[in-house]
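Take a look at the structure below.
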Amino acid sequence: MLEKIVVTDAVRALRPDFAVLAMAARGLVNGPGDAESRVWLTAAALEADPDDAHVLAWREAYRAFGAKPNRTRPSVDALLRRADKLPSISRVVDAYNAVSVEYALPIGGEDLDHYAGAAVLTVADGTETFGEDEPPVAGEVVWRDDIGVTCRRWNWRQGVRTRITEDTRDALFLLERLEPYPLERLHAAGEALATRLRAIAPDVEIEGRLIT
């Protein structure tokens, strides 16, 4: 699955500095948020920096494809602004939200059992579907699979169809980076996420691929 992930030329032309660390985790045992996952969120909030240079880079990227980042914020921007009030959702979601806040990094999570084909980051042509929600507009950067869009405006809003739930066993995580974010920090975030996933499910199998 990881080898088939595609970042199209249209996206590369928009942001040649884009890179994504894709991680597949198989054999997860999710469940409601617990004391440990809430500690992850609390500790991450202490590290939150809404003015991190990476947040500014994502705002610029949104403006480049016509989005207004003050209206539809990049996911990491939205998380950092409410880092001290993040609700506990589930153990796995808490894990990647905590890493996102601590490392000022957009992270998406997808349920592979509800995914169809490969993940593709592309520019929408306006004909795509987004479940029952409002579809993307032409020119918008989106993640999609063979059925339709899985996340609108790069990492702004995830679709319901592939959302991670308490029943999720196999998941895809997308850790997205723009300059000046160091690749070393990106890999460190991936290790931090893997550590938390193993705390949740010691037998989980994790593999990763850096796409630059």
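Structure above, values below:
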read-out: Flag if TRP40 is surrounded by 20 or more Cβ atoms within 10 Å (Cβ to Cβ) and farther than 21 Å from TRP143 by Cβ; value: yes
read-out: Members of segment 126-156 found to be touching a residue at least 60 places away in the same chain (Cβ under 8 Å) and in a strand (DSSP E or B), listed by number; value: VAL141
read-out: All positions within segment 72-85 that are in a loop (DSSP other than H, G, I, E, B) and surrounded by fewer than 18 Cβ atoms within 10 Å (Cβ to Cβ); value: THR72, ARG82
read-out: Scope segment 53-71; condition farther than 22 Å from ALA10 by Cβ and exposed (fewer than 12 other Cβ atoms within 10 Å of the Cβ); matching residues; value: ASN70, ARG71
read-out: Some residue of segment 14-32 being exposed (fewer than 14 other Cβ atoms within 10 Å of the Cβ), in a helix (DSSP H, G or I), among the aliphatic types (A, V, I, L, M) and modelled with pLDDT of 95 or more; value: no
read-out: Looking only at segment 87-125, and only at residues there that are over 16 Å from the mean Cα position of the chain (by Cα) and in a loop (DSSP other than H, G, I, E, B), the one that is farthest from GLU166 (Cα to Cα); value: ASP125
read-out: Flag for VAL123 being surrounded by fewer than 21 Cβ atoms within 10 Å (Cβ to Cβ), closer than 16 Å to ALA95 by Cα and in contact with a helix residue (DSSP H, G or I) (Cβ under 8 Å, 6 or more places away or on another chain); value: no
read-out: Contacts under 7 angstrom Cβ, first residue in segment 55-76 being of a type in the set (Gly, Ala, Ser), partner part of a helix (DSSP H, G or I), 6 or more apart; value: ALA64/LEU14
read-out: Residue identified as touching a Leu at 6+ places or on another chain (Cβ under 7 Å) and either surrounded by fewer than 21 Cβ atoms within 10 Å (Cβ to Cβ) or touching a residue at least 24 places away in the same chain (Cβ under 8 Å) (or both) among LEU175, LEU183; value: LEU175
read-out: Filter result for the condition that a residue is surrounded by fewer than 19 Cβ atoms within 10 Å (Cβ to Cβ), of a type in the set (Gly, Ala, Ser), in contact (Cβ under 8 Å) with a residue 40 or more places away in the chain and part of a helix (DSSP H, G or I), over ALA199, ALA189; value: ALA199
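The values are calculated or read from the model by the stated rules, or taken from the named source; none is laboratory data. From a predicted model like this one, the values you see are computed outputs, not experimental measurements. So basically every Cβ, Gly included, is an ideal-geometry build from the backbone, and we count neighbours across all protein chains shown.
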